[in-house]
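The values are calculated or read from the model by the stated rules, or taken from the named source; none is laboratory data. Nothing here was measured: the structure is a model prediction, and the numbers come from that model. Cβ placement follows ideal geometry from the backbone for every residue including glycine, while neighbour counts extend to all protein chains displayed. When the accessible area is computed, the model is the full protein with side chains, heavy atoms only, and any ligands, DNA or RNA have been set aside. Shrake-Rupley method; radii C 1.70, N 1.55, O 1.52, S 1.80 Å.
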Amino acid sequence: MHSSTKEDLLEEVYWSEMEASVILPILKKKLAFLSGGKDRRSGLILTIPLCLEQTNMDELSVTLDYLLSIPSEKCKARGFTVIVDGRKSQWNVVKTVVLMLQNVVPAEVSLVCVVKPDEFWDKKVTHFCFWKEKDRLGFEVILVSANKLTRYIEPCQLTEDFGGSLTYDHMDWLNKRLVFEKFTKESTSLLDELALINNGSDKGNQQEKERSVDLNFLPSVDPETVLQTGHELLSELQQRRFNGSDGGVSWSPMDDELLAQPQVMKLLDSLREQYTRYQEVCRQRSKRTQLEEIQQKVMQVVNWLEGPGSEQLRAQWGIGDSIRASQALQQKHEEIESQHSEWFAVYVELNQQIAALLNAGDEEDLVELKSLQQQLSDVCYRQASQLEFRQNLLQAALEFHGVAQDLSQQLDGLLGMLCVDVAPADGASIQQTLKLLEEKLKSVDVGLQGLREKGQGLLDQISNQASWAYGKDVTIENKENVDHIQGVMEDMQLRKQRCEDMVDVRRLKMLQMVQLFKCEEDAAQAVEWLSELLDALLKTHIRLGDDAQETKVLLEKHRKFVDVAQSTYDYGRQLLQATVVLCQSLRCTSRSSGDTLPRLNRVWKQFTIASEERVHRLEMAIAFHSNAEKILQDCPEEPEAINDEEQFDEIEAVGKSLLDRLTVPVVYPDGTEQYFGSPSDMASTAEHIRDRMKLVSLKRQQLRHPEMMTTES
């Protein structure tokens, strides 16, 4: 890294004699600001936004002095364009500000643009013409409206107040300026301190190098904090420099010309260089002391692990024969692990210290450090592996006994359920009970499979236990553990098989009961269907047809309707017969014989009577319509048939008989009566028959008196 002295940096950094923190209340008023915009000559734009309140000229002067001290001399040489925003101020204030610029920055100002309000200064301007004072002022002054300011400055270099697209946040700029000045001050002071510490270490003797760093040699501020502040500041500056705002032109009020970004980078480079040297000095001073302490601690860890630690593990080999026994062994093992953990913590700390010294790379210490590290790692890893193996073995034993206990409880619950007689109220409850029984049996299967997996895994671990025995014969203890595990699995298998046999018997009985309830429910449903058919017959099967053809169609439909009812009745009878057989098999009493069967027979009898009445009426209607249609047709080739008085009498008799039958209700065996349709439906049907009888009577009169037909013709 290129080294730069403090003097070189101070020559390149352009900062103000006063600090922003000192005049912070004045700067917050935003009496003037550098927005980062530039004129067509690449000169910076200085904006003075005057307001309705009276502007303090002293504060404005201080603000201008501070702002104009920020840019570099090269930047100042290009000149400034000053925008005096007088739209909200009085003319005398604007005039005072412009004249004040002559004393503050006469050499740097190239152009002053006074933004005037519309039509308010016209008379006053005539009393003072800035253009006549150009030679005395040293810069040109123009009066311009805000919308015409773009004639002199590009819109992208103007802020939004003047219709431009350049974004400027004064408080954000001020905050970054405060951070920049604070960082510059702290970093310069820190560089002096670090240089003093590092140079003193280079000139010291060997004994001073071996001593630890004294508190008097520590920096007054944390170098990490200062570096972090610098990096954050640099990142913010770079981000503002290269990122535009809302897709527009980038606003960079803190670029290399305003806030000396390159100087921040150089300060950071110097800080990193000096801080790196400082860290190296500290490491060298503490390395010798660390090495001696490490050697002593390594031997303490190794001696304990190979001595008392190993003896504790040799005494523990059982796995227990129950959950409680396994938990007791686990608790004992946790006590042993707790003692080991204290030494393992020392090992981790020592290993980190050794690794740090190895990274330092001193040739004279590498061999000794690597030897210590290898010895310590071997002992600790071996002991940790033994502890982990023992812990895994006990955990597997605890899980095995836990699964065995859960399975035993499941088998007890299943057996208790099988020993209780089944007395369900309906098929749904039987289905629920059967489902619960199947779920319990499935849960037992899953539990037994899990027990086998846990047992086999535990047996595999026990078979590998001999490799950690330190020469001790554990065959007898292993055999006891293996016999116990296998005995538990065999006992659970036998209990599960007995429960399966009982479940098969119970399942068959419950399925028969489900079928019994289903037959009874379906039989009751058949009665409901038959009742609905009877109700439909009486309420909707009313019409007798307007002619013989339609009546025949209705009669055919009725016969099909009767066939459906017959099938429903037969279906109900078959279901009731099946319930009798199932009741005999289950040795129980069916409810259908005393309730459903009489209901089925009663509804069927009522349907039969109503159906027969419907058939009689349709047949009479067919006879009536057929004879009436023959007579009403004009058939001169058969005068004998038409003139037969007996046919007219027969038609009239059938019609009257049909009308009488419509008024008669259907009488059931129990004496109850039921009419077809409503009275209005019957009246409509009767009216149609009477109309047809009137036509027949008229035809009869016409045949008796042919002269009536001639007259009508």
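Points worth noting:
- Our compactness index for segment 328-424, the C-alpha radius of gyration over the empirical 2.2 N^0.38 Å, is 2.05.
- Once the Cβ-Cβ distance of Glu453 and Glu388 is raised to the sixth power relative to R0 = 22 Å, the FRET efficiency obtained is 0.55.
- When each of Lys496/Lys518; Lys435/Lys496; Lys552/Lys694; Lys332/Lys370 is checked by Cα-Cα distance, pairs over 25 Å: Lys496/Lys518; Lys332/Lys370
- Per atom type, segment 268-353 shows carbon and sulfur on 46% of its accessible surface, probed at 1.4 Å.
- Rolled with a 1.4 Å probe across the full set of protein chains, the surface gives His340 an accessible area near 0 Å².
- Our note on the geometry: Cα centres of segment 495-526 and segment 154-195, 87 Å apart.
- Summary of the geometry: segment 45-85 and segment 600-631, compared by the centres of their Cα atoms, lie 116 Å apart.
- Length available on full extension from Arg602 to Arg661: 0.36 nm per residue minus the Cα-Cα distance, which gives 18.8 nm.
- At R0 = 30 Å, FRET efficiency that the Cβ-Cβ distance of Gln327 and Ser463 yields, to 0.05: 0.80
- Extension gain, Glu59 to Val446: 0.36 nm times the residue separation minus the Cα-Cα distance gives 130.7 nm.
- Extending 7 Å from Cα along the Cβ direction at Asp172 and again at Gln566 yields two label points whose distance is 9.5 nm.
- Legend: distances between Cα atoms for Lys88/Lys185; Lys29/Lys182; Lys454/Lys479; pairs beyond 29 Å are Lys88/Lys185.
- Cα-projected label distance for Ser626 with His705, points at 7 Å along beta-carbon direction, nm: 3.3 nm
- What the Cβ-Cβ distance of Asp365 and Gln239 gives, at R0 = 60 Å and to the nearest 0.05, is a FRET efficiency of 0.85.
- Simple label model, 7 Å out from Cα along Cβ direction - Asp547 to His616, nm: 2.9 nm
- Convex hull volume per residue in cubic angstrom - Cα atoms of segment 144-203: 122 Å³
- Listed residue pairs exceeding 30 Å between alpha carbons, taken from Lys539/Lys699; Lys38/Lys116; Lys74/Lys116; Lys76/Lys266; Lys539/Lys656: Lys539/Lys699; Lys74/Lys116
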